[in-house]
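This report refers to the structure that appears directly beneath it.
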Amino acid sequence: MTWLAIIFALTALLYASVGFGGGSTYSALLALAGVDFRLLPIISLLCNIVVVSGSSLRFARSGLTPWRGAITLTAIAAPAAFLGGLTPVKEATFLALLGASLVLTGLTLLIPATATREGEPTPMARWMPFISAPIGYLAGLVGIGGGIFLAPLLHLVRWNNARAIAATAAFFILVNSVFGLAGQLIKNGPGLIGAAAAFGLPLLIAVVIGGQIGSLLAVRFLPQNAIRWLTAALTIWVGARLLLG
């Protein structure tokens, strides 16, 4: 458990430093550790909520969250995340989806935020609310927040400036994680809640510590691009391990 908590703290540090929660990587690490796959999304979503709650609050207090757009995207995605959490899935299918989402997550991290050009949003920007629905469903199904998929798309269509997109992604992850967790708990029944809480408590403490360090200090020691590359490398490696067995 000690080594797992250390890796969780490192994962939270890396993801928080680039504005995300890290839910898919938490699930993959638990899977590689041999934890019951039904517990994976529950523990991972709890960790997600812990990591992004602080950043969401800081963005809101700073007036950076574009509430109208963020609420529109999230209001469409959150019910889909709940349905994803409710959807029964076999272990092999769950792990395959998780591994594929991790590899895709790592690839999205390699898209530089500087690719966003200033100017008017592209015509595709108006379709982002509809695209947020399948992202929300996948989020609930495999225990992630989905913001890591949404943010690069928002950058590419010039939906808003970089800081507003980061604030939107944090809010998106937080709400989707809550809705996805609700679906997972209803699907699996109350019996797993105690098991998830007992096993996951040290990991939650670890991500609190790692997430705070990541959001407050990490960017002072490493360039932002270096952090993104490290996070992408970790994510792709863990995802490949799952897919290759």
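For the reader, a short list of remarks on this structure follows.
- When the chain is treated as a GNM with alpha-carbon contacts under 10 Å, the residue of LEU154, LEU32, LEU110 showing the greatest mean-square fluctuation is LEU32.
- Site-free segments of the chain were taken between trypsin sites (Lys or Arg not before Pro) in DSSP loops having at most 11 other Cβ atoms within 10 Å, sites themselves excluded; the longest one is 118-245.
- Between ILE209 and ALA33, the simple spin-label model (points 7 angstrom out along Cα→Cβ) gives 1.4 nm.
- Anisotropy class of the stretch 4-101 from Cα gyration tensor, a/c 1.5 cut: oblate
- Relative contact order for the stretch 2-244, counting Cα pairs under 8 Å that sit 6 or more residues apart, in percent: 40
- Selected from PRO123, PRO134, PRO202 as most flexible by GNM, with the chain as the system and alpha-carbon contacts under 10 Å: PRO123
- Extension gain from VAL178 to LEU192, taking 0.36 nm per residue of separation minus the Cα-Cα distance: 3.4 nm
- Residue (of ALA162, GLY200, THR2) at the positive-pole extreme of the chain, dipole from beta-carbon charges: ALA162
- Rounded to the nearest 20, the size of the Cβ-charge dipole of the chain about its Cα centre is 320 debye, with Lys and Arg at +1 and Asp and Glu at -1.
- Debye, to nearest 20: dipole size of the stretch 46-148, +1 on Lys, Arg Cβ, -1 on Asp, Glu Cβ: 200
- Taking a ≥ b ≥ c as the square roots of the eigenvalues of the Cα gyration tensor, the stretch 63-181 is classed as prolate, since a/c reaches at least 1.5 and a/b is larger than b/c.
- Only one residue of ILE186, ILE236, PHE94 has its Cα farthest out toward the positive end of the dipole of the chain, where Lys and Arg carry +1 and Asp and Glu -1 on Cβ, and that residue is ILE236.
- 0 to 90° range, to nearest 10: angle between helix 67-86 axis and the chain longest Cα axis: 20
- Cα long-axis angle, helix 91-109 against the chain (0 to 90 degrees, to the nearest 10): 30
Rule-based calculations on the coordinates, nothing more; no lab input. Here the structure is a predicted model, which means the values were calculated and not measured. Every residue, glycine among them, receives a Cβ derived from its backbone with ideal geometry; neighbour counts consider all protein chains shown.
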